[in-house]
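Here is the structure we will look at, set down as structure tokens.
The values are calculated or read from the model by the stated rules, or taken from the named source; none is laboratory data. Keep in mind it's a predicted model, so treat the numbers as computed, not measured. A quick note on method: Cβ atoms are made from the backbone with ideal geometry, for glycine too, and the neighbour counts reach across all protein chains shown. In case anyone asks, the SASA skips ligands and DNA or RNA and just uses the protein heavy atoms, side chains included. Shrake-Rupley method; radii C 1.70, N 1.55, O 1.52, S 1.80 Å.
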Amino acid sequence: MTEEKKRFDASSFFSKNYVVCICAIFCCLLWGSAFPCVKIGYKLFTVDTESVPSLMLFAGTRFSLAGVLVIVFGCISQRKLLTPKPKNLWRVGLLSVFQTSLQYTFFYIGLAHTSGVKSAVLNGLGVFFTIIIACFIFRTEKFNLIKLAGCVLGFGAVILINLNGDFSFDFTMLGEGFVILSGLSAAVSAGLVKIFSKHENTAALCGYQFLFGGILLVIIGLSFGGTFRPTSAGSIFMLLYLAFLSACAFTLQGFLLKYNPVSKIAVFKSTNPLFGAVFSAVILGESDRLLSYATLIAIVLVCLGIFIINKFGEKRLKIEKSG
């Protein structure tokens, strides 16, 4: 089978609606489980959550391992040594900065300073950032009033989730702020994957950006005195699961983004806040946070905003073009 035929088959497969639905929801399910699992990982590896170098070292170890998993799987599935083209090394490096180094430095620090439920809802803003960046920076989509309405709902959820019972604003830069910045970095990454996957093998792009970004985090963490140590065999299994979920979800999303419009994939991310909040409530015992009126309404607003943007935004654009 020729390379052209392989690309044609991949395009046909990953463009099927039922494949997009199943794969995208599976990715969101994996990402949702990351919120409580990372917090559990802190305890299993005795990570000092007040030490930024230790958080970076733990994150770097996870994503270096994720990169190795993606590369090994890619080599086995494609029956060849998987390496990025030399001319694409700058693309891999740039993606590794936003996708791994920045996103997860913000994510790990932010998650250490706020609840899993709250982090899951705030992280849902990444979808709105994706729309805004696609419209105004990458210019792959057009902005309209429907998309504006969806973004307003999303940012309204952020305000609501940070209100205490007495309606005082509960927000810290190291906590909620860094979780939001993590979503912003993820949005930039999604746009870069869409563009860069036209020039490089998707598995190589995802695998090596994880590896390079993870190694960078490990070097920085170690340089500034970061430490962690496993407490049991369960610690290793948790690290392997965290590496697996990243390797699987981001590689799968990479293929979906390569063969589909960004907005078509983004609609399924409306389940991210829901999965993350539910997993955190069940696993971490944060059901009181999940069942608070502010959190429930915030989840509804985030999901509704994402649904409106992706269900009606592009349809209106098509109507305007045809008119």
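So if we plug the beta-carbon distance of Ile159 and Tyr18 into 1/(1 + (r/R0)^6) with R0 = 41 Å, what FRET efficiency do we get, rounded to 0.05?
Taking R0 as 41 Å, the efficiency between Ile159 and Tyr18 is 0.65.
Taking 45 Å as R0, compute the FRET efficiency from the Cβ-Cβ separation of Ala10 and Leu148 and round it to 0.05.
So, using R0 = 45 Å, E works out to roughly 0.80.
Suppose the chain between Met173 and Glu50 were pulled fully straight at 0.36 nm per residue; how much longer would it get relative to their current alpha carbon spacing?
Roughly 42.9 nm would be gained on extension.
Could you tally the net charge around Phe45, taking each other residue with its Cβ under 14 Å from the Cβ of Phe45, Lys/Arg +1 and Asp/Glu -1?
+3
Mind scanning Lys39/Lys194; Lys16/Lys142; Lys198/Lys258; Lys16/Lys147; Lys87/Lys198 and naming the pairs with a C-alpha gap bigger than 19 Å?
The pairs that break the limit, which is 19 Å between Cα atoms, are Lys39/Lys194; Lys16/Lys142; Lys16/Lys147.
If Lys and Arg each add +1 and Asp and Glu each add -1, what is the summed charge of the other residues whose beta carbon sits under 15 Å from the beta carbon of Ala186?
Here the charged neighbours net out to +2.
So if I average 1/r over every pair of distinct C-alpha atoms in the range 121-256 and take the inverse, what Kirkwood radius in Å does that give?
Taking the inverse mean of 1/r over all distinct Cα pairs, the range 121-256 comes out at 17.7 Å.
For the chain, modelled as a Gaussian network with Cα springs under 10 Å, which listed residue fluctuates most, Ile265, Ile236, Ile76?
Between Ile265, Ile236, Ile76, it is Ile76 that shows the largest mean-square fluctuation.
Sort Arg79, Arg91 by heavy-atom solvent-accessible area, probe 1.4 angstrom, most to least.
Ranked list, largest accessible area first: Arg79, Arg91.
Given the -39500 (n - 2.57) contribution per DSSP H run of 4+ residues, what per-residue ellipticity at 222 nm results for the chain, rounded to the nearest 500 deg cm²/dmol?
-24000 deg cm²/dmol
Determine ³J(HN,Hα), in whole Hz, for all residues of the range 64-77 in sequence, where each value follows from phi through the Karplus function 6.51 cos²θ - 1.76 cosθ + 1.60 and θ = phi - 60°; x replaces Gly and Pro.
5, 5, 4, x, 4, 4, 5, 5, 4, 5, x, 5, 5, 5
Name the most mobile residue of Leu181, Leu65, Leu82, meaning the one with the largest mean-square fluctuation, in a Gaussian network model of the chain with Cα contacts below 10 Å.
Of Leu181, Leu65, Leu82, the Gaussian network model singles out Leu82 as fluctuating most.
Measure out, as a whole number of angstrom, how far apart the alpha-carbon centroids of the range 281-312 and the range 225-246 sit.
29 Å
Which ³J(HN,Hα) values, rounded to whole Hz and listed in residue order, are derived for the range 21-38 from phi using the Karplus coefficients 6.51, -1.76 and 1.60 in 6.51 cos²θ - 1.76 cosθ + 1.60 with θ = phi - 60°, glycine and proline given as x?
For the range 21-38, the Karplus curve yields 4, 5, 5, 5, 5, 4, 4, 5, 5, 5, 4, x, 6, 5, 4, x, 5, 5 Hz.
Which sequence of Asp288, Asp170, Asp48 reflects their accessible areas, 1.4 Å probe, from the largest down?
Ranked list, largest accessible area first: Asp288, Asp48, Asp170.
So if R0 is 45 Å, what FRET efficiency would Ser232 and Gln78 give, r being the distance between their Cβ atoms, rounded to the nearest 0.05?
After rounding, the FRET efficiency stands at 0.80.
Can you work out ³J(HN,Hα) from phi for every residue in the range 151-160, in order, using Karplus 6.51 cos²θ - 1.76 cosθ + 1.60 and θ = phi - 60°, giving whole Hz and x for Gly and Pro?
5, 4, 4, x, 6, x, 5, 4, 4, 5
Sort largest first and round to whole Å: the equivalent ellipsoid semi-axes of the chain, each the square root of five times a Cα gyration tensor eigenvalue.
Each semi-axis is the square root of five times an eigenvalue, giving 29, 28, 16 Å.
At each listed q (0.21, 0.22, 0.23 Å⁻¹), what is the log10 of I(q)/I(0) that the Debye formula gives for the range 38-160 modelled as equal alpha-carbon point scatterers?
Log10 I(q)/I(0), no solvent term: -1.17, -1.20, -1.23.
Can you put Lys198, Lys85, Lys39 in order of accessible area, largest first, using a 1.4 Å probe?
Lys198, Lys85, Lys39
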